[in-house]
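Here is the structure we will look at.
What follows is calculated from the coordinates using simple rules that are stated; it is not laboratory data. Note that the structure is predicted; figures quoted are calculated from it, not measured. For neighbour counting, all protein chains shown are included, and Cβ atoms are generated from backbone atoms with ideal geometry for every residue, glycine included.
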Amino acid sequence: MLLTIATTAPPATDLGYLLHKHPDRVQTFARSFGEATVFYPEAGDDRCTAALLLDVDPVHLARTRGRSSPDFSLGQYVNDRPYAASSLLAVALADVFRTARAGRCDMRPQAAAGTLPLEIGLPALPCRGGPELAHRLFEPLGWRVEASPVPLDPGFPEWGDSRYVRLTLRGDVRLADALNHLYVLLPVLDDAKHYWIAADEVDKLIRAGEGWLAAHPARGLITRRYLGRRRALERTAFARLAELGDDVEETLDPPVEEEPEAAEAPEPKRPLNVLRREAVLAVLEETGARTVADLGCGSGELAAELLRRPAFTRIAAVDVSTRALSMAARRLRTDRAPDSQRGRLELFQGALTYADDRFTGFDAAVLMEVVEHVDPPRLAALERVVLGAARPGHVIVTTPNAEYNVRYEGLRGHRHPDHRFEWSRAEFAAWATAAAERYGYGVTFRPVGEEDPELGPPTQMAVFARAEARAVAGKGAGS
Ligand code: SAH
């Protein structure tokens, strides 16, 4: 199994720094299923190619396979795994290029953060769904795709094509993103994972899919195949993708090939991120806010909604993450906004734990699904910056209700790997009440999403009203 990654950005040999593998060396990594070797067939200033060669040991693989795998006895020993790129290659890639996949490179931080002209080659990739599926999966991510079917036997063209394609991807993509695309999509194309699918697969998928999967037009198919069609895990993954705030609608795309389970698609339910946005907008409207700061705006969905409503005359969208800001800039089309929107929006980088004059002068601030991303020792700083210094008339905070997590089948730990904590209703109420008290605010609480009689709602919301603005504070559920 072979994968090549090439770049032409001079000095191209910087690829060695980015992958944390020296171009002059051949390195071998022993793994339970075989041996992975990284080497550079070419390493010049103008073009540098790294190759990952995986030598699979099918006998060992057969001995260690999961109890549920459907192999028949001979198939365990004689199969295509040694030759075809597949989930094993994805696992090896994740393992061997772990640091690169996280986007870390102290020697070349800029190159790791930015896009590079990349060319990825996979000479033999099992692709259930044919070359069109490769186009459908990689093109929305900014790749130019060349996928040609590999004939069963070039000597006998009449035998037709195999289920393998030779795949070449070209594009200006961040290296870490490219590795994550491959990590998720190789097993999706293969559609046969070799190992037991555990609940932490959902975590792996969410983590590797960060920033691209939630908005991918084929996310339904990708999630379904990646999780080996385990309905319970899929439901958890869909719920959590919706949590990420990108537009994950219930409209899961139809599978490419006829799949019997397509008929029992999950019942249409309004996604939680939509309910949350509506709840926040409703409070903003009730309070009569005209100027709003969306603090920790993520990809800018709420800001986009605010811009669509002329009642909001000034909108600031702030985030600490440059990736979030560039997604927001794309969504809000800051470069070609119509005149009616242009003057009303400010989009800027800022950290909520450092006082910043640009946060002041707003009727309301929204922290939607943000506090749980802040390290607990930094929460006091966030309170000081938002409630103490910026002091908007109202502050709307939403956060997951940890008690509700048992309703997400297969979920262990937090709903998102970046969450530093998730609060029960009592914990959230205690935090919000104390913070309000400290800074002269009143606070009321509201449920968001369908409430469970025992566990409460999936999302909880606190509405802070500054003492003198309190007259119009939440007429909703009491505190
Ligand atoms: N409000 C958006 C995004 C929630 S994800 C939504 O509901 O869809 C949380 C966001 O908070 C991320 O984009 C993250 O970059 C941002 N964030 C986390 N800590 C932050 C901090 N200290 N200052 C500013 N933004 C922060």
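Results, tabulated for the structure shown:
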{"quantity": "Whole-angstrom Cα spans of segment 272-478 along principal axes, big to small", "calculated": "49, 40, 31"}
{"quantity": "Binned Cα-Cα distances of segment 281-402, short to long, each 10 Å bin given as a whole percent", "calculated": "14, 48, 33, 5, 0"}
{"quantity": "Label point 7 Å beyond Cα of Asp106 along Cβ direction - residues of segment 9-45 with amide nitrogen under 14 Å", "calculated": "20"}
{"quantity": "Residues whose placed amide H lies under 5 Å from that of Leu152, excluding near-sequence neighbours", "calculated": "Gly160, Asp161, Ser162"}
{"quantity": "Using θ = phi - 60° and Karplus 6.51 cos²θ - 1.76 cosθ + 1.60, couplings along segment 423-434 (whole Hz; Gly, Pro as x)", "calculated": "9, 6, 4, 5, 5, 5, 4, 5, 4, 5, 5, 5"}
{"quantity": "J(HN,Hα) series, segment 380-394, from Karplus relation 6.51 cos²θ - 1.76 cosθ + 1.60, nearest Hz, glycine and proline x", "calculated": "4, 5, 4, 4, 4, 5, 7, 7, x, 9, 5, 6, x, x, 10"}
{"quantity": "Using θ = phi - 60° and Karplus 6.51 cos²θ - 1.76 cosθ + 1.60, couplings along segment 92-103 (whole Hz; Gly, Pro as x)", "calculated": "4, 4, 5, 6, 6, 10, 4, 5, 5, 5, 7, x"}
{"quantity": "For segment 264-325, radius of gyration divided by Kirkwood radius, i.e. Rg to Rh on alpha-carbons", "calculated": "1.06"}
